[in-house]
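Worksheet for the structure shown next.
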Amino acid sequence: MIYKQRDKGGLALLPFIIFIVIYLGAGIYFQHMGVEMAFYQFPSVTAMFLAVIAAFCMGDENLTFKFGIFARGAGNENVMTMLMIYILAGAFSAVAAAMGGRDSVVNLGISLIPVQFLTVGMFIISAFMGTATGTSMGTVASIVPIAAGVAVKSGISEPLMVAACVGGAMFGDNLSMISDTTIAATRTQGCELKDKFRVNFRIALPAALITIVIFLFTGRPDSVPDIQNLNYNLLAVIPYVTVFGLALLGANVFLVLTSGIFLAGFIGIASSEMTIISFAQNIWEGFTSMNEAFFLALFCGGISELISYYGGIDWLINKFNHMIRGSRSAQLCIAALVSIVDCATANNTVAIIITGGVAKNIADEYHVDSRISASLLDIFSCVFQGIIPYGAQLLTASALASQNGATLSSIEIIPHMWYCWLLGLFGLLSIFIPFARLKKTETPSGKQQEA
């Protein structure tokens, strides 16, 4: 079916505005009422569903016609690919954790850390854990309780130690091939995971190295903590290393994740950590754990198509044209857009999904390589997700630290989030000094492409 685009201008953006107002308004209300995790009380998917209803109220076309447009957006190749990667990534994380892989990675890392390098070690362990599992929240939940207890016993600054864990987790979340933010950024911009990783790594690495140097000087313990012998199984670490290695080699992401799921399942069954039935149940639990990201991507794809049909995207691009003078200002605009939406939604995946379509249009209009735009989306959403005091990462970290003897508020952690501050700095520098660009490559059509 051929659709003739309508022109409703800025009014076409009303569904997304409704989503942000409801989600942000609910968060502010619950924050004022003193409710814990205030910005996560009103489900983001419910807020997006209300935005879907608003989108269907635009225009005078019949509902069947509108649903055809919505379905075209929700069912396009990029959205469907994103959805499949989401559920496979969820299944891998669930199975690998159930067979003891997550605990083994943490315990192995802590067992190998020299006492004088505890803070640096926690940052590196969190970074590896976040990269291997693709989840900053899972990393924070696994490592912060241990890190907080170590900080109390050793005399290391408690906010600094917790910030090292959260910073490492954000490093991994930003770079991981199976992170929902990476998946959303690459699919909305139409680039390969490995290519985005290469660009992103050149920006994240100097930020991480400087963070390590800072922790070396500021994170030394006053006393030697008593760390009990921690059990780990080297076999349980293999699935994480395998997935990470295959992804870096450029293997197909579906093959990588499926291989990881069954390798983790085989090791778990062989070591009697799970049965065939529990293996199947863990796969299903992993699928369902990605419900939020799954439905957000589905709804957002449909809404974006309706907004585009009614001229909202073109209107937004025209407004940006007054501020954008070239590739650099276009990149700054993409970075600012995703940063603002992340601050409004307190969810970096949501921010990327919402702004991905607009960012792609800006990138195409001003010849910004898709690998650069994908990296900017992921980098700046992670930067602000790591430093907003009402984000899930800092709220969870402060709560877990307080439960383990280090009474902290999320605001106390923010000044020590060196990695996020430095990542933002190097992200901005990469726009003006293109040190993250890759060499020009030849596409199948014969055109040259540069990252």
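The values are calculated or read from the model by the stated rules, or taken from the named source; none is laboratory data. All values derive from a computational prediction rather than experimental measurement. Counting neighbours? That spans all protein chains shown, and the Cβs are built from the backbone with ideal geometry, glycine included. Just so you know, the surface numbers come from the protein's heavy atoms only, side chains and all, with ligands and any DNA or RNA stripped out. Shrake-Rupley method; radii C 1.70, N 1.55, O 1.52, S 1.80 Å.
The solvent-accessible area of Ile334, taken with every protein chain present and a 1.4 Å probe, is close to 0 Å².
Across segment 415-424, rounded Karplus estimates of 3J(HN,Hα) from the backbone phi angles (6.51 cos²θ - 1.76 cosθ + 1.60, θ = phi - 60°) give x, 9, 7, 4, 4, 5, 4, 6, 4, x Hz, Gly and Pro being marked x. Coupling constants for segment 372-389 follow from the phi torsions by the Karplus curve (6.51 cos²θ - 1.76 cosθ + 1.60, θ = phi - 60°), and in residue order they are 6, 5, 5, 5, 4, 4, 5, 4, 6, 5, 6, 4, 6, 5, x, 10, 7, x Hz; glycine and proline get x. On a per residue basis, the convex hull of the C-alpha atoms belonging to segment 252-408 measures out at 156 Å³. Overall form of segment 250-341: prolate. Here a/c, set by the Cα gyration tensor axes a ≥ b ≥ c, is 1.5 or more, and a/b is the larger of a/b and b/c.
Quick one: with all protein chains in place, what share of the accessible area of the chain is carbon or sulfur, to the nearest percent (1.4 Å probe)? Don't skip to the answer; put the middle values down first.
Numbers: 12140 of 19040 Å².
The C+S portion of the solvent-accessible surface of the chain is 64 percent.
Rounded to the nearest whole Hz, the Karplus-based 3J(HN,Hα) values (6.51 cos²θ - 1.76 cosθ + 1.60, θ = phi - 60°) of segment 155-162 follow the sequence x, 5, 3, 5, x, 5, 5, 5, with x at glycine and proline.
Sorted into 10 angstrom bins from 0, the C-alpha pair distances of segment 35-174 split as 11, 28, 25, 18, 12, 6, 1 percent.
Judged by the gyration tensor of its Cα atoms, with axes a ≥ b ≥ c, segment 304-353 is oblate; a/c meets the 1.5 cut and b/c is at least as large as a/b.
Roll a 1.4 Å probe over the protein chains and send me the accessible area per residue for the chain in Å². Each step should come with its number before you reach the end.
Numbers: 19040 Å² over 451 residues.
Normalised by residue count, the accessible surface of the chain is 42 Å².
FRET efficiency for the pair Asn361 and Ala71, taken as 1/(1 + (r/R0)^6) with r the Cβ-Cβ distance and R0 = 25 Å, rounds to 0.75.
Given the chain, report the % of alpha carbon pairs whose separation exceeds 39 Å. In whole percent, the long-distance tail amounts to 20. I need the shape label for segment 1-115. Rule: rounded when a/c is under 1.5, else prolate if a/b > b/c, else oblate, with a, b, c from the alpha carbon gyration tensor. It is oblate, given that a/c is not under 1.5 and a/b is not larger than b/c. With the helix formula -39500 (n - 2.57) applied to DSSP H stretches of n ≥ 4, the chain reaches a computed 222 nm mean residue ellipticity of -24000 deg cm²/dmol.
Asp180 contributes an accessible area of around 40 Å² to the protein surface, as traced by a 1.4 Å probe with all chains present.
For the chain, the relative contact order is 26 percent, taking Cα pairs closer than 8 Å that sit 6 or more residues apart in sequence and dividing their mean separation by the residue count.
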